[in-house]
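Shown next, in structure tokens, is the structure this report addresses.
The values are calculated or read from the model by the stated rules, or taken from the named source; none is laboratory data. Bear in mind the structure is a predicted one, so any value in this text is a computation, not a measurement. Note: ideal-geometry Cβ built from the backbone for every residue, glycine included; neighbour counts use all protein chains shown.
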Amino acid sequence: MIQTSYPENRRNTLGGTMTTLKFLRKIFPVVALLLAGCASEVTRQSTTLSPVAPSPARQYLVQQSVLVRFDSGYDRTIQAGTTFLEIGALKQGKVLKPTNAVFTIEGAHVHEAYPVVNENRIVGFYLPVEQAFAQLSNPVTLSIEEKGIQK
Amino acid sequence: MKMLRLWFLAGLVALLSACASGPKMMEVKSSIPPLKSNEGRIYFYRVASMVGAAIQPSISLNGTVVGESKPGGFFFVDRAPGSIEVVTATEVERKLTFTLAASETRYVRTTTSFGVVVGRVQAGLVDRAEAEKELEETSYTGVPLGK
């Protein structure tokens, strides 16, 4: 006799595996959401901001929206038209505070954050409350235009 | 069948009572006192939604409870400038940190998300334009305002 299909016990095993896979695929979004609630703390290092001295500070305008992806798995978009004020500098770059938008980064908690820019690339974020620098693993280019000095 | 209807009705009442009731932003706007020059103001609000409506955790600001996260509700507090830490505790404690300057107004929106056992409520910072639009649909749940 020529066997044209899998033996019954083999079929059952395969069927079971497929059912399990389908089940896992269905519950994946739920599991992902649950895990998101257990996100790790934003990795950061203490730092000291050197304020722009003396003010007035330079103003900048974002010309092109940019997506920033964090190691914690979250992402944020800095929209075109966002304006920034250069409030100081870290050794990693200049610190730009948004003036017409809010920007936060997220891990286990949510922190207000100001982009740290070096040669038109966002290299990380300054957390003003924590007085810390959170490095970006993959710096992104920020297309900004200087809009003069704040009056 | 009658029992089922009763349960449905009880559930509906529970859900509806979970939403904030009070005067709308437009009605109380003129009664909101002006901000003192040496303080900043923080608006807390939650957009009305049946999802997670029964979860209404307290909101703490720098360790002091200042109100509750009620669907469709808002309130505000004035504070001295400095660092702000907002905590909403459900099955997990989640913090939001930001700075507040003198004469500055910040907007904090609480939202619900899925949890392991119950839903979670978390706080996020919102742009003025977006917040002012959403606040129009909310009802005041804070301490009574003087006329």
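Restricting to the stretch A:85-117, give me the number of residues that are away from chain B (no Cβ under 14 Å) and either part of a strand (DSSP E or B) or closer than 26 Å to residue B:122 by Cα (or both).
The total comes to 9.
All but one of (1) modelled with pLDDT of 95 or more; (2) in a loop (DSSP other than H, G, I, E, B); (3) of a type in the set (Lys, Arg) hold for residue B:106; which doesn't?
(2)
Here are some conditions: (1) more than 12 Å from every other protein chain (Cβ to nearest Cβ); (2) free of Cβ contacts under 8 Å to residues at least 40 places away in the same chain; (3) on the phi > 0 side of the Ramachandran plot. Residue B:72 meets all but one. Which one does it not meet?
For residue B:72, the failing item is (2).
For residues that are of a type in the set (Gly, Ala, Ser) and more than 15 Å from residue A:124 (Cα to Cα), scanning just the stretch A:78-100, find the one that is nearest to the chain's Cα centre (by Cα).
Ranking the candidates gives A:80 first.
Just to verify a result, which residue in the stretch B:51-86, among those that are within 14 Å of residue B:120 (Cβ to Cβ) and in contact with a Gly (Cβ under 6 Å, 6 or more places away or on another chain), is modelled with the lowest pLDDT?
This residue is B:52.
When you go through (1) at pLDDT below 95; (2) more than 15 Å from the chain's Cα centre (by Cα); (3) assigned to a loop (DSSP other than H, G, I, E, B) one by one for residue B:142, which number turns out not to apply?
Failed condition: (2).
Show the residue pairs that are 6+ apart or on different chains and have beta-carbon atoms under 8 Å apart, the first residue being within the stretch B:130-147 and within 14 Å of residue B:29 (Cβ to Cβ) and of a type in the set (Lys, Arg), the second being exposed (fewer than 14 other Cβ atoms within 10 Å of the Cβ) and modelled with pLDDT of 95 or more.
none
Can you tell me how many residues in the stretch A:33-57 are closer than 19 Å to residue A:110 by Cβ and at pLDDT below 70?
Looking only at that region, the number is 7.
Is it the case that some residue within the stretch B:119-127 is among the polar types (S, T, N, Q) and either more than 9 Å from chain A (Cβ to nearest Cβ) or within 12 Å of the chain's Cα centre (by Cα) (or both)?
Checking the stretch B:119-127: at least one residue is among the polar types (S, T, N, Q) and either more than 9 Å from chain A (Cβ to nearest Cβ) or within 12 Å of the chain's Cα centre (by Cα) (or both).
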